[in-house]
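Data first, discussion second: the structure below is written as C-alpha cells.
The values are calculated or read from the model by the stated rules, or taken from the named source; none is laboratory data. Since the structure is predicted, the reported quantities are computational estimates derived from the model, not experimental observations. Glycine also receives a Cβ, built like all others from the backbone with ideal geometry; neighbour counts cover every protein chain displayed. When the accessible area is computed, the model is the full protein with side chains, heavy atoms only, and any ligands, DNA or RNA have been set aside. Shrake-Rupley method; radii C 1.70, N 1.55, O 1.52, S 1.80 Å.
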Amino acid sequence: MRKLPSDLVTGFKSDKLPMHESAVKHVTGQAVYIDDMPEWPNELHVATGKSTEAHADIVSINLDKVRAYPGVVDVIVQSDIPGEVDVSPVLSGDLLLAGDFVHFIGQSIFAVAATSLRIAKQAVELAEVVYKPRISTLHPKESLERQEFVLPTHTIQCGDAKAAMETAPHKIKSDIYIKGQEHFYLEGQISVAVPNEDGGVLVYASSQHPAEVQKLVAKVLGVSVAQVLVEVRRMGGGFGGKESQAAVLGCMAAVLAIRNRCPVKYRMPRQDDMVQTGKRHDFWNSYEVGFSAEGEIISAEYDMVGKCGCTADLSDGVVDRAMFHADNAYFLPNARISGYRGKTHTVSNTAFRGFGGPKGVLLAEAVIEEIACTVGKDALDVRKLNCYQEGKTKTPYGQDVEENVLLTLIEELEESSDYRARREAIREFNKQSPFLKKGLALTPVKFGISFTSKHLNQGGALVHVYTDGSVHISHGGTEMGQGLYTKVAQIVAKTFGIDYQRVNVSSTRTDKVPNASPTAASAGTDLNGMAALDAVVTIKGRLQEFAMEHFSIAADAFAITDDQVILGGETMSFPEFIKLAYMNRVSLSSTGFYKTPKIGYDRKAAKGRPFLYFSNGAAVSEVIVDTFTGEYKVTQVDILHDVGDSINSDIDIGQIEGAFVQGMGWLTTEELSWDEKGRITTNSPANYKIPTSADVPEKFNVKLFDRANSEESVYRSKAVGEPPLMLGISVWCALKDACASVCDYQFSPPLAVPATPEAVFYGMQAAQAFQSESQSKQKTEKDQAANL
Amino acid sequence: MKFLLNDKLIDDNTLPSDFTALRYLREERGLTGTKEGCASGDCGACTLLVGVIKEGELHYSTFNSCITPVQSLYGKHVVSVEYLSEFGGKASGGLHPAQQAMVEHHGSQCGFCTPGFVLSLAGLFENSQSSDKAIDRESVCDAISGNLCRCTGYRPIIDAGLDMVRTAKDAQFIELMSKNDNIKSQLLAFKEVEKPASLSNQSYLQPTTLAELLQVKTAHADAIMIAGGTDLMLENTQRFHDFGTLIDVSHVAELKQIQCNGTTLTLGASVTYSELEYFSKTRYPHIYNLLSRIASRQIRNRGTIGGNVANASPIADLPPLLLAFDADIQLLKIDGSTRTVNIADFYQGYKQTQLAKDEMIASFDVSLNKLAQFHRFYKVSKRMEDDISSVMLAVRFEVDNGHLTDVRLAFGGMAATPIRALKTEAALMGKVINDEQALLQTIDTLRSELMPLSDMRASSRYRLDMACNLIRKAWLELNGTDVVTFSGHALSESVLSLGNEITSQEGMTHA
C-alpha cells in the first residue's frame, strides 16, 4: 500500500470526464445481462416449490406429479445437495432448501430443473406438501416481547443517559414504526452455472459479492473454492439486494448443473423475487429524549428493534449501523442506544443502500421535528444548535467527528436554497389556504464510511499493460450501474499519466482478484480504486527504474504525463516506451492491494473508530398537500452534498439524485404490506409503487460541496453510494411539517413511514385533533377564569 | 402471424396463441435488447414501438411487449432498440437522437431499463417531429409514464427527452420512421394482400368485421376473447396458465368507433384508453384528466374500454364513470341478436357480470345531456402515475333551479363491484345545492351505506373517509369553489401561489 504520489494530488476537476463506460451499450441494447447470454441447447431452467406456511413442520412431501410433468428433468430436495445445505453469508440458518421445517412463506422446499422456465413454474404447482403449523412471530414488537432474537442485543452508551434525563426541562417519549423497502432492481435475481471438466463450475452471477457466491457454491457442491469460478460483468441494479441474496441462485444452479451435467439457469420471475428475497428491515424504534428550553438535546434513550426475519443474514451489521447513525448529525452528550435483532417468521431481511443507517437517521430527524414544535422554533434552528461542531465532536461510540463541515454545509444550503424566505412564504400561504398546505424541511446526513466488519475493508486489483500500450484492469468491485468501472479506469489512467482511452475494464472474476469484499458500504471506489492505484504505482516504479538504467537519467527526470513518457530531455509515446520496456524484460503486470487505515471498533467496550471518515450532505424539500385526501407533490428539492474531491462529478451527481429519489420512494409511495398469516401482499409492481418520473420535482437542484477529504482517500474523494439516500428524509420531514401547519406548528403529529397519502391524511387529522383539543382546553380555562 | 420486425418480414405460424412478443424477440430472434423486468406491464423495460397506418399516415406508439401476444401484431411495424441505432445510423453516426441524448445526459446507470426508455422517447420524438409539436416536460413524463428506473431518479432522462430535438439537429438526423416510404409501402402491401382475419390459424383468430367475429365465436365457443390483453395476459405471464385459442377483437372495425348521433355518444368496446383520452381532451376535460391517471401510456395504448368493464374488477376506473352517466351497454350474442343492459344492472357480484358465455360487449351509449351536466372524477392512489385506485369517485349532479334534481355517486374500490351509493344519492336528491347541512347528513348516510375492505392499497377507514371527503370536494366544486385535484400533469404555477382558492369555506371539517 502506498501513498499518493505527490504529483497526483490535483484531482479530476480540470479533466474532461468520461461518461459511464457502458452508456452507448445501454442505449443500443448491446449491454449483455445474464439472461441475454445465448443459451446452450441443453440448458435447463429452475423454479422452486415454496412454503405456504410462515412457521411449520413439514409432515410430508409428495413430488410424484412434479416429476411426471412433461419437460421436467430433475427435482431435488434438501438431501440431494451434495455438500453443505447452509448458504448463510456470515453466520448460519439460511438453507438452500428447507428440511423438516419452514420458517417463512416463500421459503424454497424443493427445486425443479426443466427444459423451460414456463414448464418448471407449471410443474412446481403440482407438489403436495403437508405442514403442521407452529406459532409464528410476525412483528418485531412480538419478537421483543417474546425475547426472540437472531443475535444478541448490543448497546452503545455515552455519559449517563438516565441521570441526565431526570434533569431535562423537556422530555418527549414516543415510538415510531419504520417500514422496510423492496429493492426493485430492474434486473431480477439470476445465475447461470456451467459445469467444467474437473467437477467444478463456472457461475455467471448477478451479484455484488462474487467471492461469496464462489465460497458458497464450493460449500454446497463439496468442492474446493478454487474449483469454482464466478464472473460478474454487470448487474441491472443491486442496491444491497444482491450482496448476500444472490448466492442462493448460484448455488441452486450449480447443484443442478453438476447433477445433470449441463448448464442451468436460475432466474427468478419478479413475483418470486419479491416474495423469496430479503428487503430493507422494518424497525420499531422507541425513544425518550430530554432537551433544554432552547431545544438542545441533553439526553437520548433509544431502543431500536430491527425486523431481521427468520435468520441473521447481514442483520448484525444492519442493526449496528442503525445504532451508529441514531445521532445522525447531532451531538448527544448523554445517550443509551440499544439495538435488538428481532426474529420473525418472515423472509430474512438484508442489506439495502444505507444498511440500517436510514432507520437511525430518520429517528434522529423525527426527534428534531418534535423538539422544534415543543420549543416553538424553526426545526432548522434546532438542527443547527445540535449539529456536530467545535466543542461538540464526540459520537456516542467514541469516534470524533474531526472534519468540522456540517454546519458550514447546512448554512451554505440554507442560503442558496433561500430557506428563510421560503419558510416565511409558506407560513403565509398556509394561513390563507384552507385546502392545500405546504411543508418545508432541511435535513442533513452524516454517514460513516467503512465496513463496520473490519476485515472487509480491503481491496484488490490486477493491472496488465500490453505491448501496444493498452491497459487492462480487473478489481474486486462489481458494476451495478454506479460507475465504479469508469471511476477505477479514470484512476488508473490518471495515476499512469496516460489517456483514459487506453484503459480497458473487464468483468469481475474470482480468478483475477481473490477473496474480494462485496461491493457495498459505498466503499467500492475507496477500496478498489486504491488497490488499482497501488498496482499502477508498482508498474510505474519498475518502468522508472528501467528508464533510469536504460537512458542513464535521474529518478526525477522520468515522468508520464498527458500520455507522453518524459525521459530527461526526450519524450516518447507510451506504446513505444512500453514496447521498449517489454524488449528489456520489464514485468508489465502487477496486483495491487489496499486496506483501510486507522479503523477499529471494540465491540465489547462499544467504543472505537468504526469509520475512516464521514460523507456529509443536506437537502431542502418543499411539498404541497391536498387536505381532502392527503395526496401530495414534492415541488422543489435543493441538495448540497459532500463527495470530497469528486473523481467524476457527472457520475456522483447521478448517484446523489438517484439515491435521493430512492430514499423519497421509501418514505412516500413504497409500502410493504403483509397479511395476518405472514404472507407479503405487495408482491408485484402492480401493488408496490416505486417513484415514476412524475414524482420527481421540476426544481431539482443538486450541487457538490467543494472540499477535499481530509483523510487520505483515493484522490481525496469521498464515498457517494449510500449517504444521499438519507437526504430523502427531508421529504418525510416536509410532509410532517405540512401536517403540523394544521395546528399552527404547536405539535408535530405522528406520521407513519412510509408517508402514503393515507398516512399524511391521518397525520393532518391528528394535528387537527390536537388543535381542537387545545382550543377547547383554552376555552374551558377562559371560562373558568371568567367564572372566578 | 405476419409482421414487419425492424427491417425483416416475419412469417411464422408455429407459435401458441399466448406467446408474448417479448419472448418472441428474445428467445426466437435473439433480440435481447428488450428486457423482462416484471412480465406484468408495470415497469416498461420491455417497451417496443409499433407502427400502424391510419388514414394514410404511419403512426408509432409504445406498448408493453411482455403482455402482448406476438400474433396480435399482424400487419404492423414492430421496432426494437436494435433497429434505432441502425436506422439512425444512416445520418447521425450511429445513434438515434433519443439514444444520443440519453448518453449525453447520463440517462443510464445500470442500463437495464434503458432500452425501454429509449423507445418511449423515440416514440415521442417521432410523434412530435411528424406533427410539429414541441416537446415539453409534460409530454416527456407522459411518454415515460410506464417506464420505471431505479437508479437515476429520472432527472437526466427527462432532460434527455427535452434535448432530443437538439441532438437530432447536431447529428443532422433527418429521416423519421413515420416518413419512411419503404416501411409504409410494406405495411400497405400487407393490407391489400391478406386480411388479418387469418381464420385458418387455429390458435389466434383476428376477425376484422362483426360478421367475422360472430362467425369465429360460433366456431370456437370456448375460445377466450382478448382485446388489449393488459389484464388477461397476466394469467399467462404471472400464473403461467396456457390459453388455447384466442379471439382478438381489437381489429373489428365496428367495435373501434366513437360515434355521436346528436343525442348519444357511442363508444365501441375496442376503443383504447388512449383513443378515448385524445377524443375527450378538448370535449370532456374531466374525462381526459381521469384517463391521464389510469395506468401508463403503454397500457393506455393497448387497454380498451370494453375490457375494463367486462373484466369486472371492483377497482377498475371506467365502470364508476359509466355508472355516473347511466351508460347503456350493448351486448351482442353470437346469433347476431343484441340486448341493452344498463351499467347499473351489469355487475352481479365479485368478478360476476350479466355477460353470458355466448355474448360480448359491443358498445357503450352515453347521453349527451348527461355529459353536459356537472361531473367530476376523483381518483386516490398511492402514486400519481400508473397506480390502481384505493378509492375512485365518479359524480354527476343535475341542477335545476338551484336544486339537485339528479345525483349519481359511483365508486370504485368501495365494494366487491363498482357500486353506486344509492341511499346517499337519494338523500341528496331535491336538496338546495349550497345547503351544507344536507351535505353533512349525506356523509352520515354514506358511512352507514358502504363497508369497504382493508388491503395493501388502503384501510377500510381511509376508503370511507375518502368517499366522504371526495363528495364534499365535488359539492364545493359544484358551488363554485376552486379546489385542486392532483392529476398526472404538472402543477401549474398558479396552484403553487396564493390567490387561486376561494377562502369562504373556513376550517377543515373533512371526514
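Quick one: in segment B:380-401, which of the residues that are of a type in the set (A, V, I, L, M) and either without any contact (Cβ under 8 Å) to a residue 12 or more places away in the chain or part of a strand (DSSP E or B) (or both) is farthest from the other protein chains (Cβ to nearest Cβ)? Lay out the reasoning, then the answer.
Going residue by residue through segment B:380-401, those that are of a type in the set (A, V, I, L, M) are B:380, B:384, B:388, B:391-395, B:399.
Pick out the ones that are also either without any contact (Cβ under 8 Å) to a residue 12 or more places away in the chain or part of a strand (DSSP E or B) (or both) and you get B:380, B:391-395, B:399.
Numbers: B:VAL380: 5, B:VAL391: 9, B:MET392: 12, B:LEU393: 11, B:ALA394: 16, B:VAL395: 14, B:VAL399: 22 Å.
So the residue we want is B:VAL399.
Please verify whether segment A:432-455 includes one or more residues that are over 30 Å from A:GLU657 (Cβ atoms) and among the aliphatic types (A, V, I, L, M).
Scanning segment A:432-455, I find no residue that is over 30 Å from A:GLU657 (Cβ atoms) and among the aliphatic types (A, V, I, L, M), so the answer is no.
Of B:GLU28, B:GLU86, B:GLU57, B:GLU82, which residue is of a type outside the set (A, V, I, L, M), open to solvent by 40 Å² or more (accessible area, probe 1.4 Å) and facing another protein chain (nearest Cβ under 10 Å)?
After applying the criteria, what remains is B:GLU86.
Filtering segment A:463-478 down to residues that are under 15 Å from A:VAL513 (Cα atoms) and not small (Gly, Ala, Ser), which residue is nearest to the other protein chains (Cβ to nearest Cβ)?
Here is the first cut: in segment A:463-478, the ones under 15 Å from A:VAL513 (Cα atoms) are A:463-464, A:472-478.
Among the residues that remain, those that are also not small (Gly, Ala, Ser) are: A:463-464, A:472-473, A:475, A:478.
Values: A:VAL463: 25, A:HIS464: 26, A:HIS472: 22, A:ILE473: 20, A:HIS475: 18, A:THR478: 11 Å.
Among those residues, the one meeting the criterion is A:THR478.
Please count how many residues of segment A:44-68 are surrounded by fewer than 18 Cβ atoms within 10 Å (Cβ to Cβ) and part of a loop (DSSP other than H, G, I, E, B).
Number satisfying all stated conditions: 1.
Any idea which of B:MET456, B:MET466 is within 11 Å of chain A (Cβ to nearest Cβ) and either more than 26 Å from A:GLU671 (Cα to Cα) or without any contact (Cβ under 8 Å) to a residue 24 or more places away in the chain (or both)?
Working: B:MET466 fails: either more than 26 Å from A:GLU671 (Cα to Cα) or without any contact (Cβ under 8 Å) to a residue 24 or more places away in the chain (or both).
Every option except B:MET456 fails the conditions.
Can you work out which of the residues in segment A:224-274 that are farther than 30 Å from A:VAL661 by Cα and among the charged types (D, E, K, R) is nearest to the other protein chains (Cβ to nearest Cβ)?
Let us first name the residues in segment A:224-274 that are farther than 30 Å from A:VAL661 by Cα, namely A:224-231, A:250-266.
Filter once more, keeping what is among the charged types (D, E, K, R): A:231, A:259, A:261, A:265.
Values: A:GLU231: 17, A:ARG259: 24, A:ARG261: 23, A:LYS265: 12 Å.
Looking at residues that are farther than 30 Å from A:VAL661 by Cα and among the charged types (D, E, K, R), I get A:LYS265.
Mind checking which residues of segment A:302-329 are assigned to a loop (DSSP other than H, G, I, E, B), hydrophobic (A, V, I, L, M, F, W, C) and either under 21 Å from A:PRO396 (Cβ atoms) or out of contact with any Phe, Trp or Tyr (no Cβ under 6 Å at 6 or more places or on another chain) (or both)? Write out each step before concluding.
If we filter segment A:302-329 for residues that are assigned to a loop (DSSP other than H, G, I, E, B), which is where we start, we get A:310-314, A:325-329.
Still in the running and hydrophobic (A, V, I, L, M, F, W, C): A:310, A:312, A:314, A:326, A:329.
Of everything in segment A:302-329, those that are assigned to a loop (DSSP other than H, G, I, E, B), hydrophobic (A, V, I, L, M, F, W, C) and either under 21 Å from A:PRO396 (Cβ atoms) or out of contact with any Phe, Trp or Tyr (no Cβ under 6 Å at 6 or more places or on another chain) (or both) turn out to be A:ALA312, A:LEU314, A:ALA326, A:ALA329.
Would you point out the residue of segment A:422-438, among those that are touching a strand residue (DSSP E or B) at 6+ places or on another chain (Cβ under 8 Å) and at the interface with another protein chain (Cβ under 9 Å from one of its Cβ atoms), that is farthest from B:ASP482 (Cα to Cα)? Before the answer, list the steps.
Step one: of segment A:422-438, the residues touching a strand residue (DSSP E or B) at 6+ places or on another chain (Cβ under 8 Å) are A:422-423, A:426, A:429-430, A:435-438.
Narrowing the set further to residues that are at the interface with another protein chain (Cβ under 9 Å from one of its Cβ atoms) leaves A:429, A:435-436, A:438.
Details: A:PHE429: 16, A:PHE435: 10, A:LEU436: 11, A:LYS438: 17 Å.
In this case the residue turns out to be A:LYS438.
Condition first: more than 20 Å from B:VAL271 (Cα to Cα) and away from every other protein chain (no Cβ under 14 Å). Now tell me which residues in segment B:368-379 satisfy that.
Within segment B:368-379, B:ASN369, B:LYS370, B:ALA372, B:GLN373, B:PHE374, B:HIS375 qualify.
If the requirement is being within 23 Å of B:ASP455 (Cβ to Cβ), open to solvent by 10 Å² or more (accessible area, probe 1.4 Å), in contact (Cβ under 8 Å) with a residue 40 or more places away in the chain and within 11 Å of chain B (Cβ to nearest Cβ), which of these qualifies: A:ASN687, A:ASN683, A:ASN701? Spell out how you get there, then give the answer.
On the way: A:ASN687 fails: in contact (Cβ under 8 Å) with a residue 40 or more places away in the chain; A:ASN701 fails: within 23 Å of B:ASP455 (Cβ to Cβ).
It is A:ASN683.
Could we say that B:LEU48 is in contact with a strand residue (DSSP E or B) (Cβ under 8 Å, 6 or more places away or on another chain) and aliphatic (A, V, I, L, M) here?
Values: in contact with a strand residue (DSSP E or B) (Cβ under 8 Å, 6 or more places away or on another chain): yes; aliphatic (A, V, I, L, M): yes.
Yes, satisfied.
Are any residues in segment A:190-228 within 18 Å of A:ILE76 (Cβ to Cβ), in contact (Cβ under 8 Å) with a residue 60 or more places away in the chain and either open to solvent by 10 Å² or more (accessible area, probe 1.4 Å) or not small (Gly, Ala, Ser) (or both), and if so, which ones?
If the condition is that a residue be within 18 Å of A:ILE76 (Cβ to Cβ), in contact (Cβ under 8 Å) with a residue 60 or more places away in the chain and either open to solvent by 10 Å² or more (accessible area, probe 1.4 Å) or not small (Gly, Ala, Ser) (or both), then A:VAL192, A:PRO195, A:LEU216, A:LYS219, A:VAL220, A:LEU221, A:GLY222, A:VAL223 are the ones that fit.
Report, by residue number, each residue of segment A:752-782 that is free of Cβ contacts under 8 Å to residues at least 40 places away in the same chain and open to solvent by less than 50 Å² (accessible area, probe 1.4 Å). Spell out how you get there, then give the answer.
Residues of segment A:752-782 that are free of Cβ contacts under 8 Å to residues at least 40 places away in the same chain, as a first pass: A:765-782.
Scanning segment A:752-782 gives A:GLN765, A:ALA766, A:ALA767, A:GLN768, A:GLN771, A:SER774.
Return yes when B:THR62 is in a loop (DSSP other than H, G, I, E, B), in contact (Cβ under 8 Å) with a residue 60 or more places away in the chain and either more than 7 Å from chain A (Cβ to nearest Cβ) or open to solvent by less than 10 Å² (accessible area, probe 1.4 Å) (or both) and no when it is not. Working first, answer last.
Values: in a loop (DSSP other than H, G, I, E, B): no; in contact (Cβ under 8 Å) with a residue 60 or more places away in the chain: yes; either more than 7 Å from chain A (Cβ to nearest Cβ) or open to solvent by less than 10 Å² (accessible area, probe 1.4 Å) (or both): yes.
Spelling it out, it is not the case that B:THR62 is in a loop (DSSP other than H, G, I, E, B), in contact (Cβ under 8 Å) with a residue 60 or more places away in the chain and either more than 7 Å from chain A (Cβ to nearest Cβ) or open to solvent by less than 10 Å² (accessible area, probe 1.4 Å) (or both).
Which residue, of A:ALA123, A:ALA161, is within 14 Å of chain B (Cβ to nearest Cβ) and either open to solvent by less than 50 Å² (accessible area, probe 1.4 Å) or touching a residue at least 24 places away in the same chain (Cβ under 8 Å) (or both)? Can you show your working first?
Values: A:ALA161 fails: within 14 Å of chain B (Cβ to nearest Cβ).
After applying the criteria, what remains is A:ALA123.
Could you check segment A:167-210 and list, in sequence order, the residues that are among the aromatic types (Phe, Trp, Tyr) and under 30 Å from A:HIS139 (Cα atoms)? Can you show your working first?
Step one: list which residues in segment A:167-210 are among the aromatic types (Phe, Trp, Tyr), which gives A:177, A:184-185, A:204.
Within segment A:167-210, A:TYR177, A:PHE184, A:TYR185 qualify.
Quick one: which of A:LYS384, A:LYS359 is buried (at least 24 other Cβ atoms within 10 Å of the Cβ) and touching a residue at least 24 places away in the same chain (Cβ under 8 Å)?
Details: A:LYS384 fails: buried (at least 24 other Cβ atoms within 10 Å of the Cβ).
Residue meeting the stated conditions: A:LYS359.
A:SER552: closer than 30 Å to A:TYR762 by Cα and either open to solvent by 10 Å² or more (accessible area, probe 1.4 Å) or within 14 Å of chain B (Cβ to nearest Cβ) (or both), yes or no?
Working: closer than 30 Å to A:TYR762 by Cα: no; either open to solvent by 10 Å² or more (accessible area, probe 1.4 Å) or within 14 Å of chain B (Cβ to nearest Cβ) (or both): yes.
Against the criterion (closer than 30 Å to A:TYR762 by Cα and either open to solvent by 10 Å² or more (accessible area, probe 1.4 Å) or within 14 Å of chain B (Cβ to nearest Cβ) (or both)), A:SER552 does not qualify.
I'd like to know if segment B:356-367 contains one or more residues that are closer than 29 Å to B:ALA458 by Cβ, part of a loop (DSSP other than H, G, I, E, B), more than 23 Å from the chain's Cα centre (by Cα) and more than 14 Å from chain A (Cβ to nearest Cβ).
No, segment B:356-367 contains no residue that is closer than 29 Å to B:ALA458 by Cβ, part of a loop (DSSP other than H, G, I, E, B), more than 23 Å from the chain's Cα centre (by Cα) and more than 14 Å from chain A (Cβ to nearest Cβ).
Given A:ASP650, A:ASP638, which one is assigned to a helix (DSSP H, G or I), more than 30 Å from A:ILE105 (Cα to Cα) and in contact (Cβ under 8 Å) with a residue 12 or more places away in the chain?
Every option except A:ASP650 fails the conditions.
Which pairs have Cβ atoms under 7 Å, sit 6 or more apart or on different chains, and link a residue in segment A:653-666 that is more than 7 Å from chain B (Cβ to nearest Cβ) and within 12 Å of A:PHE700 (Cα to Cα) to one that is in a helix (DSSP H, G or I) and open to solvent by less than 10 Å² (accessible area, probe 1.4 Å)?
Hits for this filter: A:ILE656/A:PRO724.
Return the pairs, sorted by first residue and then second, in which the second residue is open to solvent by 50 Å² or more (accessible area, probe 1.4 Å) and not polar (S, T, N, Q), the first residue lies in segment B:134-150 and is more than 7 Å from chain A (Cβ to nearest Cβ), the beta carbons are less than 8 Å apart, and the residues are 6+ apart or on different chains.
Short answer, once both residue conditions are applied: B:ILE135/B:LEU162; B:ILE135/B:VAL165; B:ASP136/B:LEU162; B:GLU138/B:ALA490; B:SER139/B:LYS133; B:VAL140/B:LEU162.
Residues are listed down the side, and each one gets a yes or a no for (1) of a type in the set (Val, Ile, Thr); (2) open to solvent by 10 Å² or more (accessible area, probe 1.4 Å):
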| site | (1), (2) |
| --- | --- |
| A:VAL255 | yes, no |
| A:PHE283 | no, no |
| A:ASP303 | no, yes |
| A:VAL318 | yes, no |
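When the residues of segment B:156-171 are filtered to those that are assigned to a helix (DSSP H, G or I) and among the charged types (D, E, K, R), which remaining residue is nearest to B:ASP136 (Cα to Cα)?
Within segment B:156-171, the match that is nearest to B:ASP136 (Cα to Cα) is B:ASP159.
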